[in-house]
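Undergrad: Shown below is the structure under consideration.
Please treat every number below as a calculation from the coordinates, not as lab data. Since this is a predicted model, take the numbers as computed values, not measurements. Because the Cβ atoms are built from the backbone with ideal geometry, glycine has one as well, and the counts that use them run over all protein chains shown.
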């Protein structure tokens, strides 16, 4: 029997809420960026959410409650998937403009995780450009949003961070331990269950 | 060979006197370590926050090491720089921290410091910017010769690193 060298990572989560002080009517798009050894076996790699308005109370939150449900297959943790979130909104002239890019790694330990991701937009290089981009609704944006998931080439970008997006992940893994990968410290990862817990003589035990 | 994956982000920086910061980072290891995949150094974007105090870099780190020994466990070192509206860069701090040794997700705050000059240099620094820098950046993460430096504390760098280890238990290492 051939031994498989593949492990699976299942991510079930949601893009919960956003916090942006100056904007309204926002929607978010997400995509997963991963290395060459990774493959998505099920689920949507990218998607667009609904358009939401700011809440009218003092919290001033945007709520998307947008599900993420995807399973990855890989042979190598290098290139671990990252979630890239890009938030768009309507400006004064009714044109779709970028309100922020944010990125975070899918958590590497199984369980429930909540992440608050800062989002940022590229800045114009001069005040005149800022003015013309406001008039023409042509604000600077990245040609490919996946660039925020890369480490190279970031040093030439000047950005302005202007909000947060809150995402929660539930991560389940298969066969990481079989392949020798430890994602949890050794005192947490082995659970010893006493042998006769829950077993009753002659009857089906009730949970 | 035992392997380590460091998968995480340089989240941002807080506590620095001005906004518009960027961070140069690098990882230094001992001789027994080898990088199998990933970049060992880089530079983040320049962030100028709009509404809040912290500068956010969200810079991904994804490195795969292989090692034959424990000596020289990887250290990640930083230089935080400030870029003003004219594009001039000024050093704001040096710092380093070890990559965590236990698997899992770690939130790390790395304190930073800046070399401090004489009183005259400090006055001129407050008017003109600039200020002393280390000639040899190895001193950021090495302890030899540090006694010659006088420094002042600056802000903190926040990291979120996930560590995956492989085959360490086969060699009897407990972590």
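Undergrad: Going by a ≥ b ≥ c, the root eigenvalues of the Cα gyration tensor, does the protein assembly as shown fall in the rounded group (a/c under 1.5), the prolate group (a/b larger than b/c) or the oblate group?
TA: oblate
Undergrad: Next question. For chain A, taking Cα atoms only, what is the radius of gyration to one decimal and the Dmax to the nearest whole Å?
TA: 21.8, 83
Undergrad: Spin-label point model (7 Å from Cα, Cβ direction): what's the residue B:151 to residue B:128 distance in nm?
TA: It is 2.5 nm.
Undergrad: Here's another thing I want to ask about it. Which whole-number percent is the relative contact order of segment B:72-172 (Cα, under 8 Å, 6+ apart)?
TA: Relative contact order here is 32 percent.
Undergrad: Given the -39500 (n - 2.57) contribution per DSSP H run of 4+ residues, what per-residue ellipticity at 222 nm results for the protein assembly as shown, rounded to the nearest 500 deg cm²/dmol?
TA: Helices in the protein assembly as shown give a 222 nm mean residue ellipticity of -1500 deg cm²/dmol.
Undergrad: Can you give the angle from 0 to 90° between the axis of helix A:127-136 and the longest principal axis of chain A, with both taken from C-alpha atoms, to the nearest 10?
TA: On a 0 to 90 degree scale, this one is about 90.
Undergrad: Further question on the same structure: With just the Cα atoms defining each centre, how far is segment B:52-84 from segment A:1-42? Give it in Å.
TA: 23
Undergrad: Please state the relative contact order of chain A as a whole percent: Cα pairs under 8 Å, 6+ residues apart?
TA: Dividing the mean separation by the residue count of chain A yields 26 percent.
Undergrad: Starting from the exponent 0.38 and prefactor 2.2 Å, build the expected Rg for segment B:2-166 from its residue count and divide its actual Cα Rg by it.
TA: Dividing the Cα radius of gyration by 2.2 N^0.38 Å gives 1.09.
Undergrad: Rounded to the nearest 10 degrees, what's the angle between the helix B:119-128 long axis and the longest principal axis of chain B, both from Cα atoms, 0 to 90?
TA: 80
Undergrad: Sticking with this structure for a sec: Of B:146, B:120, B:40, which has the largest mean-square fluctuation in a 10 Å C-alpha GNM of chain B?
TA: Fluctuation is largest for B:120.
Undergrad: To the nearest 0.05, how large is the calculated FRET efficiency for residue B:113 and residue A:93 if R₀ is 51 Å and r is the Cβ-Cβ distance?
TA: 0.60
Undergrad: Another one. Sort segment B:49-108 into rounded, prolate or oblate with this rule: let a ≥ b ≥ c be the square roots of the eigenvalues of the Cα gyration tensor; rounded if a/c is under 1.5, and if a/c is not under 1.5, prolate when a/b is larger than b/c, oblate otherwise.
TA: It comes out prolate by the Cα gyration axes.
Undergrad: Just need the relative contact order of chain B here, percent rounded to a whole number, with Cα pairs under 8 Å and 6+ apart.
TA: Relative contact order of chain B: 31 percent.
Undergrad: Using the 10 angstrom Cβ neighbour count as an exposure proxy, how do A:120, A:20, A:142 rank, fewest first?
TA: Starting with the residue having the fewest Cβ neighbours, the order is A:142, A:20, A:120.
Undergrad: Let me ask you something else. Given the C-alpha centroids of segment B:11-41 and segment A:124-188, what is the distance between them in whole angstrom?
TA: 17
Undergrad: Under 1.5 on a/c is rounded, so check that first for segment B:69-175, then, if it is not, pick prolate when a/b is larger than b/c and oblate when it is not; a ≥ b ≥ c are the square roots of the alpha carbon gyration tensor eigenvalues.
TA: prolate
Undergrad: For the pair residue B:101 and residue A:40, what calculated FRET efficiency results from E = 1/(1 + (r/R0)^6), where r is the Cβ-Cβ distance and R0 = 22 Å, to the nearest 0.05?
TA: Step by step, r from the Cβ atoms, then E = 0.10.
Undergrad: Further question: Within segment B:132-175, whose backbone N sits under 14 Å from a point 7 Å along Cα→Cβ of residue B:70?
TA: Zone members listed by number: B:168-175.
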